[in-house]
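Student: There's a structure below that I have some questions on.
The values are calculated or read from the model by the stated rules, or taken from the named source; none is laboratory data. Treat the numbers as computed from the prediction; the structure is a model and nothing was measured. Reconstructed Cβ throughout: ideal geometry from the backbone, glycine too, with neighbour counts over all protein chains shown. Note: areas computed on protein heavy atoms with side chains; ligands, DNA, RNA excluded. Shrake-Rupley method; radii C 1.70, N 1.55, O 1.52, S 1.80 Å.
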Amino acid sequence: MEYNYPKFTPEMKKTHTILIPNMAITQFRLLEYALRYDGYKCEILGNCGSAVAQLGLKYVHNDTCYPALLVIGQFLDALNSGKYDLDHTALLITQTGGGCRATNYVGFIRRALAKAGYPQIPVIALSVQGFENNSGFVWNMKTVKCAMQALAIGDLFMRVVYQTRPYEKVKGSVNKLHRKWEHAAIRCMENGGRGFSKLVHDIVKDFDNVPLNENIKKPRVGIVGEILVKFLPSANNHLVELLEAEGAEAVMPDLLDFFQYCFYNNNYKYEYLGKTKKSARNGNLGIAALEALRHPVVSALKKSKRFHPPVHIKTLAEYARPIVSIGNQTGEGWFLTGEMVELIKSGASNIVCCQPFACLPNHIVGKGVIKSLRHAYPDANIVAIDYDPGASEVNQVNRIKLMLATARKNMEENDNK
């Protein structure tokens, strides 16, 4: 017997506010406007932190992974705030479809809503596989394109801001430039992505010319790990700010690469796990579509005098193969290892691997491959940091500072060679 949970109907598009949990602040701030362009009243939640995680913990069992606690806590905190008309509010969550608890978030959320006294609130479950029919929330290709453009611009902002801010001659100038172009990006999203190509070229050109202290050298520190904890500052205790305060440059891989990883996995499933040839072909078409969409960004970065474009997902897979099987596809899977190898090869051999509580796949292909990576790349300076509601922030900071001390020592030794 099917559970009779409330559905998001076509009529609700005009009457309901859709709440979306925050995962990557820079990207999702633009994604909100991309979704509004299609007529949905969407709001990306900004409530994060340990209190939100503790609230989530009240409504799910205590073995639930830290990212799930944060997502459920964000939703319940917003509903408890009194800010929303609870009879005209819906929640939206994505489903990965893989062997990860992210596939089961929908069930967690619906159970939490019932326990908290909000059984009337519909949950929109989005997945490429189409696990559920959301008659009132229908994507068209124009909306998908605009949403992916929003993520591409967000990725670009992280790339150019993080690479320039630690070296700025005038304190605050990079953040000021970021705010200027963020406003322009929001206008672009409000217009359905029109002017996207010119916008990204202008962004790169402006950041190419921001005055920097070119003679200063700082350790470059890559950030990898479970996708939410990696990108959400309140989930990783503002890791980027900590690294910059300690005199380092943070390097963050692109969010769009995770989508390409999901598409690329269909090739292995076709070759070894009985998936159809059509699924592999569709996955490769998805990669090609994202590459075509991101082409203006890649083109602008190739022309830049300071910045470098992201590498292709096939290259990341080739980087990962000597270390871990491409069959490791749960959670971040082999992709996490590929990111670490790419960071090492690009000069960011110092890496913080963010490991959330109860994320077993992430521990296996993150923490589990560190020894092999160090053997293959002796300069690799990798530290795995655990994040959960009860983790000691002092311990986290101390371990990161120890990694940075090693990074500076290695940098000095390389300079003296």
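Student: Report the dimensions of the chain along its three principal axes from the alpha-carbon atoms, largest first, rounded to Å.
Tutor: Here the Cα extents, ordered largest to smallest, are 70, 48, 44 Å.
Student: Moving to a separate point now. Could you pull out every one of the lysines with an alpha carbon less than 19 Å from that of Lys205, ignoring same-chain neighbours closer than 8 positions?
Tutor: Lys169, Lys176, Lys180, Lys302, Lys303, Lys305
Student: Step through the residues of region 64-69 one at a time and calculate ³J(HN,Hα) from phi using the Karplus curve (6.51 cos²θ - 1.76 cosθ + 1.60, θ = phi - 60°), rounding each to whole Hz and writing x for Gly and Pro.
Tutor: 5, 5, 4, x, 5, 4
Student: Would you check the accessible area of Arg36, probe 1.4 Å, heavy atoms only, in square angstrom rounded to 10?
Tutor: Using a 1.4 Å probe on the heavy atoms, I get roughly 100 Å².
Student: Could you pull out every one of the aspartates and glutamates with an alpha carbon less than 16 Å from that of Lys401, ignoring same-chain neighbours closer than 8 positions?
Tutor: Counting by Cα, and skipping residues close in sequence, Lys401 has these aspartates and glutamates nearby: Glu241, Glu244, Glu246, Glu249, Asp386, Glu393.
Student: Ordering Lys169, Lys14 by how much accessible area each has at a 1.4 Å probe, largest first, what is the list?
Tutor: Solvent-accessible surface, decreasing: Lys14, Lys169.
Student: I would also like to ask the following. Expressed as a whole percentage, what fraction of the accessible surface of the chain belongs to carbon and sulfur atoms when a 1.4 Å probe is rolled over the protein heavy atoms?
Tutor: Ligands and nucleic acids excluded, carbon and sulfur reach 53 percent.
Student: What is the extension gain from Arg321 to Ala288, computed as 0.36 nm multiplied by their sequence separation minus the C-alpha to C-alpha distance, in nm to one decimal?
Tutor: Length gained, Arg321 through Ala288: 9.7 nm.
Student: Pull up the cross-link candidates among the lysines for Lys115, meaning alpha carbon to alpha carbon under 19 Å and not fewer than 8 places away within one chain.
Tutor: Lys7, Lys58
Student: Next question, about the same structure. Using alpha-carbon positions, what is the distance between the centroids of region 376-391 and region 209-228, in Å?
Tutor: 18
Student: In debye, nearest 20: dipole of the chain around its Cα centre with unit charges on the Cβ of K, R (+) and D, E (-)?
Tutor: For the chain, the charge dipole is close to 800 debye.
Student: Rounded to whole Å and ordered largest first, report the semi-axes of the equivalent ellipsoid of region 80-193 derived from its Cα gyration tensor (root of 5λ).
Tutor: Each semi-axis is the square root of five times an eigenvalue, giving 35, 19, 16 Å.
Student: Name the most mobile residue of Pro378, Pro356, Pro219, meaning the one with the largest mean-square fluctuation, in a Gaussian network model of the chain with Cα contacts below 10 Å.
Tutor: Among Pro378, Pro356, Pro219, the largest GNM mean-square fluctuation belongs to Pro378.
Student: If you don't mind, another one. Calculate, for Glu11 and Thr276, the FRET efficiency according to 1/(1 + (r/R0)^6) with r their C-beta to C-beta distance and R0 60 Å; round to the nearest 0.05.
Tutor: According to the calculation, E is roughly 0.95.
Student: Measuring with a 1.4 Å probe in the full set of protein chains, what accessible area per residue, in whole Å², belongs to region 317-383?
Tutor: For region 317-383, the solvent-accessible area averages 38 Å² per residue.
Student: Rounded to the nearest 500, what is the chain's calculated 222 nm mean residue ellipticity when only DSSP H runs of at least 4 contribute -39500 (n - 2.57) each, over all residues?
Tutor: After summing the helix terms and dividing by residue count, I get -17000 deg cm²/dmol.
Student: Over the heavy atoms of Tyr37, what accessible area does a 1.4 Å probe trace out, to the nearest 10 Å²?
Tutor: That residue has around 80 Å² of solvent-accessible surface.
Student: Let me ask you something else. Given the pairs Lys275/Lys314; Lys142/Lys277; Lys13/Lys269, which are separated by over 31 angstrom at their Cα positions?
Tutor: Too far apart for the 31 Å limit: Lys13/Lys269.
Student: What is the sum of charges around Ile121, taking Lys and Arg as +1, Asp and Glu as -1, for the other residues whose C-beta is under 15 Å from the C-beta of Ile121?
Tutor: +2
Student: Here's a follow-up. Taking only C-alpha pairs under 8 Å that are 6+ residues apart, what is the relative contact order of the chain in percent?
Tutor: 17
Student: R0 = 25 Å: FRET efficiency of Lys345 with Glu393, Cβ-based, nearest 0.05?
Tutor: That gives a FRET efficiency of 0.20.
Student: I've got another one for you. With +1 on each Lys and Arg Cβ and -1 on each Asp and Glu Cβ, how big is the dipole of region 49-201 about its Cα centre, in debye rounded to the nearest 20?
Tutor: In total the dipole reaches around 660 debye.
Student: Let me ask something else. Provide, in order from the shortest bin, the percent of all Cα-Cα pairs of region 316-412 in each 5 Å bin, continuing until the bin that contains the maximum pair distance.
Tutor: Each 5 Å bin holds this share of Cα pairs: 2, 13, 23, 23, 19, 12, 6, 1.
Student: Ok, one more. Using a 1.4 angstrom probe and counting only protein chains, how large is the accessible area of Lys401 in Å², to 10?
Tutor: 90
Student: Which of the peptides 89-95, 405-411 is most tightly packed, and how do the rest follow, going by the mean number of other Cβ atoms within 10 Å of each residue?
Tutor: Those peptides, ordered most packed to least, come out 89-95, 405-411.
Student: Rounded to the nearest 0.05, what FRET efficiency is calculated for Asn213 and Lys142 with R0 set to 35 Å and r the Cβ-Cβ distance?
Tutor: 0.20
Student: In nm, what is the difference between 0.36 nm times the number of residues separating Lys115 and Asp379 and their Cα-Cα distance?
Tutor: Gain on stretching Lys115 to Asp379: 90.0 nm.
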